[in-house]
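Colleague: Sending over a structure as structure tokens; questions will come in a sec.
Where a number appears in this text, it was derived from the coordinates with a stated rule and is not lab data. Quick caveat: nothing in here was measured; it's all calculated off a predicted structure. In this analysis, Cβ positions are derived from the backbone assuming ideal geometry, glycine residues included, and neighbour counts consider all displayed protein chains.
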């Protein structure tokens, strides 16, 4: 398809890679076009790399991390035109790109080991009280 569209010089196919962080950190936008997700580690990795995210609004996963377009842009599943529009929106708007990258980094604070341990302890304490 890239040959047919004459965009082959604009795209690099890297194949399967184990260490994706070294590639994500150079990306202008990370795109996740899943139909089904859980807690998407690759979205968190993108946040870590300050890379803004565009993802499909599948039933579970991306919305929990991206919020309502606060930490990344959500698009309906199986709508490639809307996906392309969201990607172009980030590429064209430097302030939006920076805001999404900054907000994504803030999400990572929720995954701090000390905060998570404290939350688990609170849950266990509530269970023990019953």
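Colleague: Exactly one condition in (1) touching a residue at least 60 places away in the same chain (Cβ under 8 Å); (2) buried (at least 18 other Cβ atoms within 10 Å of the Cβ) is not met by residue 108; state its number.
Modeller: Unmet condition: (2).
Colleague: Look through region 84-100, keep the residues that are in contact with a helix residue (DSSP H, G or I) (Cβ under 8 Å, 6 or more places away or on another chain) and under 17 Å from residue 46 (Cα atoms), and return whichever of them is surrounded by the fewest Cβ atoms within 10 Å (Cβ to Cβ). If you could, list the steps in order and put the result at the bottom.
Modeller: At the first step, the residues of region 84-100 found to be in contact with a helix residue (DSSP H, G or I) (Cβ under 8 Å, 6 or more places away or on another chain) are 89-91, 96-97, 100.
Going one step further and asking which of them are under 17 Å from residue 46 (Cα atoms), we end up with 90-91, 96-97, 100.
Numbers: 90: 22, 91: 13, 96: 15, 97: 18, 100: 26.
Filtering first and then ranking leaves 91.
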